[in-house]
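Below is one structure, written out as structure tokens; comments come after it.
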Amino acid sequence: DIAAVTAAFRDAAERSLDAGFEVAEVHAAHGYLLHQFLSPVTNGRDDEYGGSFENRTRLLREVVAAVRDVWPTGKPVFVRISATDWIDDRDSWDVDDSVRLAPLLADAGADLIDVSGGGIHPDQQLPSTGPGYQVPYEEAIREGTDVPVAAVGGITEPTHADALVRNGR
């Protein structure tokens, strides 16, 4: 059914375009299906979509390429990822994986990586969730790629958002 999943994302992008959307965002965070393929916490497959980093990232790369294939060049494709699973007691998705993934997503057609975190398992251990608590993950990923990267999480005040933008964060 994996080919059908990729086709469903492509079809959804076409419908979104027909409806007048200006941006397509592929959601691969917070425990949703594409995140489940990325994370070794939930991906126990032993085929070409499981095991190694390359295999676990394959479905997301295929979906991004399929969306990019139908989305006009002048309109952006964003990809939201969980930068980390926040699970340290077992093999899990972490910031190093996200740094490694970002240029592959750019190669597949992503114009921006939208960084969030967690959501894959109830054992996750969130860090302090103060203002901008996910900005350091965005910065680490941005350093590893030429594709633009954005952060979410605790950015609730316009002055804070403005300071992040003005300071190149």
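The values are calculated or read from the model by the stated rules, or taken from the named source; none is laboratory data. These numbers come from a predicted model, not from an experiment. Here the Cβ positions follow ideal geometry from the backbone for every residue, glycine too, while neighbour counts run over all protein chains shown. Note: areas computed on protein heavy atoms with side chains; ligands, DNA, RNA excluded. Shrake-Rupley method; radii C 1.70, N 1.55, O 1.52, S 1.80 Å.
Here is how the numbers come out for the structure above:
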{"read-out": "Gain upon complete extension [residue 128, residue 73; 0.36 nm per residue less C-alpha separation]", "value": "15.9 nm"}
{"read-out": "Value of relative contact order over the chain, rounded to a whole percent, pairs C-alpha under 8 Å and six or more apart", "value": "21 percent"}
{"read-out": "Solvent exposure of the chain as accessible area per residue, Å², 1.4 Å probe", "value": "50 Å²"}
{"read-out": "FRET efficiency for residue 52 and residue 5, using Cβ-Cβ distance with R0 set to 25 Å, rounded to 0.05", "value": "0.80"}
{"read-out": "Probe 1.4 Å, all protein chains present, accessible-area order of 41, 147, largest first", "value": "41, 147"}
{"read-out": "Listed peptides 47-54, 81-88 by packing density, highest first (mean Cβ within 10 Å)", "value": "81-88, 47-54"}
{"read-out": "Carbon plus sulfur fraction of accessible area for the range 108-169, probe 1.4 Å, in percent", "value": "50 percent"}
{"read-out": "Percent accessible area from carbon and sulfur atoms, the range 54-97, protein chains only, probe 1.4 Å", "value": "40 percent"}
{"read-out": "Total formal charge among the other residues, if their Cβ is under 13 angstrom from that of residue 109, Lys/Arg +1 and Asp/Glu -1", "value": "-1"}
{"read-out": "Ordering of 26-39, 133-146 by packing [mean C-beta count within 10 Å, highest first]", "value": "26-39, 133-146"}
{"read-out": "Radius 14 Å from Cβ of residue 13, net charge of other residues (Lys, Arg +1; Asp, Glu -1)", "value": "-4"}
{"read-out": "Simple label model, 7 Å out from Cα along Cβ direction - residue 165 to residue 45, nm", "value": "3.9 nm"}
{"read-out": "Mean ellipticity per residue at 222 nm, deg cm²/dmol - from DSSP H runs of n ≥ 4 across the chain, formula -39500 (n - 2.57)", "value": "-13500 deg cm²/dmol"}
{"read-out": "Span from the the range 47-75 Cα centroid across to the the range 91-117 one, whole angstrom", "value": "11 Å"}
{"read-out": "Backbone HN-Hα couplings from phi across the range 95-103 [Karplus 6.51/-1.76/1.60, Hz, Gly and Pro as x]", "value": "4, 4, 4, 5, 4, 5, 6, 3, x"}
{"read-out": "Positive-end residue, the chain charge dipole about Cα centroid, Cβ charges, pick of 38, 60, 120", "value": "60"}
{"read-out": "J(HN,Hα) series, the range 21-38, from Karplus relation 6.51 cos²θ - 1.76 cosθ + 1.60, nearest Hz, glycine and proline x", "value": "5, 9, 9, 10, 10, 8, 8, 10, 10, 6, x, 5, 3, 5, 5, 4, 6, 5"}
{"read-out": "List 164, 126, ordered by accessible area with a 1.4 Å probe, largest first", "value": "126, 164"}
